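Visitor: Here it is: the structure, laid out below.
Readers should treat all values here as calculations from the given coordinates under stated rules, not as data from a laboratory. None of the values given here were measured: they were computed from a predicted structure. With ideal geometry, Cβ positions are generated from the backbone for all residues, glycine too; neighbour counts draw on all protein chains shown.
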Amino acid sequence: MKIVEEITSFCTDKNLFPIIDKVLSGERLSFEDGIKLFNTNDILTLGKLANFKKEEKSGKYVYFVINRQINPTNICTLDCKFCAFATIDKNDPKAYEMSIDEIKAKAEYAVSQGATEVHIVGGLHPDWSFEDYLNIIKAIKQNFPNLHIKAFTAVEIDYLSSLAKLSYEETLIALKEAGLGSLPGGGAEIFAPRVRRIIAPNKIGWKKYLEIHKIAHNLGLKSTTTMLYGHVETFEERVDHMLKIRETQDETGGFTCFIPLAFQPENNDLGKKEHTSGIDDLKTIAVSRLLLDNIPHIKSYWVMLGEKIAQVALNFGADDMDGTVMEEKIAHFAGAKSPTQQQKERLVKLIKEADKIPVERDTLYNPIKIYG
Ligand code: V47
């Protein structure tokens, strides 16, 4: 049976028929299509379609990386309402700051475990200088030259440029010269100003977030990008967010991966107490795979989805599981129920059980080992 007949005969939502035709013929989906996909109850057709798109891009492969997260400080001037990790008060019992030696020790442990990547993000510390941040990158690069340093979200780059009194471009060049390898995608949240005013009123807006990524891409630095969902946003605001990313990717081609981040609801000032549902998680992964036709990879981030949904999502359009992580703080301060680290063998098992082929990768998706 031809794939179009197979999917159409299976589909129980007539609203999806024109979208099925578009996806199977490689036509780009519109804003309205995105809304229809979020509103469907036919989750299995959505999954089949997204998996079709995933297989066009990466076949049966699902990627993971041996990495470590390092969050050098949680002291942050921003005071975002959704964030349970950061504190604005240096005397808060949960406030911490790491020394360069502590950071180096964490990188050294990561290398001893076979890590190829450190992923560094943290607070906008009111007393740290640009040199303090730069020295984190230099210390790691000088001691562990083979480790890829994925560090500092666009929000941090904006802060560092104001500390250094340099343009975004000059700031990124200085960081790149110190050893920065790529930018992580945090800080995107939801681009809509209505949502930002509620959840992150002091954070840079979407235009600056995307401008910084574009400048990074033009300097040859790849980056990832994210969307924090499951708080106060609407489906329209999610689709708008994804389409702004798609437009940027059309210009630069510099995003490697999109990561939907499921909101973890404990210890926040938003008054939201519920975790996202499994259906919402799977829909969000699938819709992102279908709308973001120019982004190579969609990440099923086990930390925030939990292992079980993250595994099922590999049949709903996701083709990446992030990695071993080794020490997760941001989601766990906010009540994440997942482990704080993974063994490589466990990731391989989760991927194989989903009937996919695990591929250990580096940060830029070069394959290191295929677990056939
Ligand atoms: O920027 C904060 C989000 C981000 C919560 O680039 C929360 O490959 C859920 O961006 N519930 C940091 N999310 C993590 C991040 C990330 C993670 C893994 C891989 C990559 C990548 C990026 O976490 C923050 C914010 O958007 N966040 N608090 C919370 N309560």
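Visitor: Could you point to the residue in Ile298, Thr153, Thr87 farthest towards the positive end of the range 54-370's charge dipole, with +1 and -1 charges on the Cβ of Lys/Arg and Asp/Glu respectively?
Guide: The residue sitting farthest along the positive end of the dipole is Ile298.
Visitor: OK, next. Looking only at Cβ-Cβ distances, which cysteines of the chain have no other cysteine closer than 4.7 Å?
Guide: Cys11, Cys76, Cys257
Visitor: Here's another thing I want to ask about it. Can you compute 3J(HN,Hα) from phi for each residue in the range 251-262, using the Karplus curve 6.51 cos²θ - 1.76 cosθ + 1.60 with θ = phi - 60°, rounded to whole Hz and x for Gly and Pro?
Guide: Once θ is set to phi - 60°, the couplings for the range 251-262 become 6, 10, x, x, 7, 8, 7, 10, 10, x, 9, 6 Hz.
Visitor: Of Ala200, Ile368, Gly186, which is farthest along the charge dipole of the chain in the positive direction, counting Lys and Arg as +1 and Asp and Glu as -1 at C-beta?
Guide: Looking along the dipole axis, the top candidate is Ile368.
Visitor: Roughly how many Å is it from the Cα centre of the range 217-233 to that of the range 2-67, as a whole number?
Guide: When both Cα centres are located, 22 Å separates them.
Visitor: Going toward the positive end of the dipole of the chain, with +1 on Lys and Arg Cβ and -1 on Asp and Glu Cβ, which of Ile19, His275, Ser99 do you reach last?
Guide: Ile19
Visitor: Counting only residues 5 or more places away or on other chains, whose amide H sits under 5 Å from the amide H of Thr87 once H atoms are built in the peptide plane?
Guide: Counting only residues 5 or more places away or on other chains, the set is Ile75, Cys76.
Visitor: May I pose another question? Could you pull out every residue, at least 5 positions away or on a different chain, whose amide H is within less than 5 Å of the one on Tyr63? Hs are placed 1.01 Å off N in the peptide plane, and Pro or chain starts have none.
Guide: Counting only residues 5 or more places away or on other chains, the set is Asp320, Met321, Val359.
Visitor: Which residue, Lys53, Lys14, Lys272, has the most motion in a Gaussian network model of the chain that connects Cα atoms within less than 10 Å?
Guide: Of the options given, Lys14 has the highest mean-square fluctuation.
Visitor: Follow-up question, since we're still on this one. So how much slack lies between Asn39 and Asn146, counting 0.36 nm per residue of separation and subtracting their Cα-Cα distance, in nm?
Guide: 34.0 nm
Visitor: Once you put a point 7 Å from the Cα of Ser277 and another 7 Å from the Cα of Lys14, both along the Cβ direction, what distance in nm separates them?
Guide: 2.4 nm
Visitor: At 222 nm, what value in deg cm²/dmol follows for the chain if DSSP H runs of at least 4 each add -39500 (n - 2.57) and the sum is divided by all its residues, to the nearest 500?
Guide: Counting only the DSSP helices, I get -13500 deg cm²/dmol.
Visitor: Rounded to the nearest 20 debye, what is the charge dipole size of the chain about its Cα centre when +1 sits on each Lys and Arg Cβ and -1 on each Asp and Glu Cβ?
Guide: Rounded to the nearest 20 debye, it is 400 debye.
Visitor: Lys and Arg at +1, Asp and Glu at -1: add these up for the other residues within a Cβ distance under 14 Å of Leu305 and post the number. Kindly include the intermediate steps, with their values, before the conclusion.
Guide: On the way: positive: Lys283, Lys299, Lys308, Lys337; negative: Asp280, Asp281, Glu307, Asp320, Asp322, Glu328.
For residues surrounding Leu305, the net value is -2.
Visitor: Follow-up question, since we're still on this one. Kindly list the residues of the range 121-137 that lie in the label zone of Lys90, defined by a backbone N under 11 Å from the point 7 Å along the Cα-to-C-beta vector.
Guide: 126-128
Visitor: With a cut-off of 19 Å, note down the residues of the range 215-230 whose backbone N falls inside the zone around a label point 7 Å from the Cα of Glu247 toward its beta carbon.
Guide: 215-218, 225-228
Visitor: Using 7 Å Cα-to-Cβ label points, what is the Ser99/Glu27 separation (nm, one decimal)?
Guide: 6.4 nm
Visitor: Please figure out what share of the DSSP beta bridges in the chain is antiparallel and state it in percent, rounded to the nearest 5.
Guide: 10 percent
Visitor: Using amide H atoms built 1.01 Å from N in the peptide plane, name the residues 5+ places from Leu228, or on other chains, whose amide H lies under 5 Å from its own.
Guide: Glu189, Ile190, Leu261
Visitor: For the pairs Lys150/Lys308; Lys106/Lys356; Lys22/Lys299; Lys283/Lys337; Lys2/Lys36; Lys53/Lys344, note any where the Cα-Cα span goes beyond 29 Å.
Guide: Working: Lys150/Lys308 27 Å; Lys106/Lys356 32 Å; Lys22/Lys299 23 Å; Lys283/Lys337 21 Å; Lys2/Lys36 24 Å; Lys53/Lys344 27 Å.
Over 29 Å Cα-Cα: Lys106/Lys356.
Visitor: Would you please state which residues of the range 64-89 a label at Asp132 would reach in this model, taking the label point 7 Å out along Cα→Cβ and a backbone N cut-off of under 12 Å?
Guide: Within reach of a label on Asp132: 72-77.
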